[in-house]
Amino acid sequence: MTDQQARIVSLGDVAPNRRRGGDLRALLTPSTAGSTSGFMGVAIVQPGERIGEHYHPYSEEFVYVTEGSFEVDVDGAPHSLRTGQGMLIPPNVRHRFRNVSDAEARIVFHLGPLAPRPELGHVDTEDEAQGNAPGDERPAATAEVAS
């Protein structure tokens with residue numbers, strides 16, 4: 001028997017996180033839904049926008065594109081990812097997403113297992129002021145980034 005209950009969380013129930021680019025919404029998390037093995041959310045990315053390079057030391061990341069097209073840099077190598085395709089990103093693998101379509105693009109993401117503490121689960125690898133990783137000369141997309 002478990003204390004967990006089924007929970008529904010709507011996109012509008014979660015505040016946007018724009019700190020890393022795009023509009024990231026962690027929907028089903030330990031705090032919103034009582035999850036114990038991982039969390040799931042949606043990334044909404046406008047044309048030309050991107051989600052900055054990062055990696056997850058403890059978690060695999062599963063992504064599925066529901067709308068649009070992305071170029072995903074995985075350890076520096078570009079990969080195309082379009083509507084109806086998914087990708088598995090192993091732990092400790094650097095990755096960034098760029099919307100290369102001319103319309104809003106969306107990804108559903110899931111990470112698991114959870115890091116021992118939330119602040120340990122995500123490591124940014126880009127210089128926030130420049131929006132570039134060391135040795136990466138591509139300019140950052142213009143995106144609203146919260147501090």
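The values are calculated or read from the model by the stated rules, or taken from the named source; none is laboratory data. These numbers were taken from a predicted model, which means no experiment stands behind them. All Cβ positions, glycine included, derive from the backbone under ideal geometry; neighbour counts span all protein chains shown. Just the protein is used for accessible areas: all its heavy atoms, side chains included, with ligands, DNA and RNA removed. Shrake-Rupley method; radii C 1.70, N 1.55, O 1.52, S 1.80 Å.
Observations on the model:
- Residue-span extension gain [residue 92 to residue 124] - 0.36 nm each, minus C-alpha spacing: 10.4 nm
- Full extension of the segment from residue 10 to residue 62, taken as 0.36 nm per residue of separation minus the current Cα-Cα distance, would add 16.7 nm.
- Sequence of 23, 75 from largest to smallest accessible area, 1.4 Å probe: 75, 23
- For the pair residue 18 and residue 71, label points projected 7 Å from Cα toward Cβ lie 2.4 nm apart.
- Computed extension gain for residue 115 through residue 103, at 0.36 nm per residue and net of the alpha carbon distance, reaches 1.0 nm.
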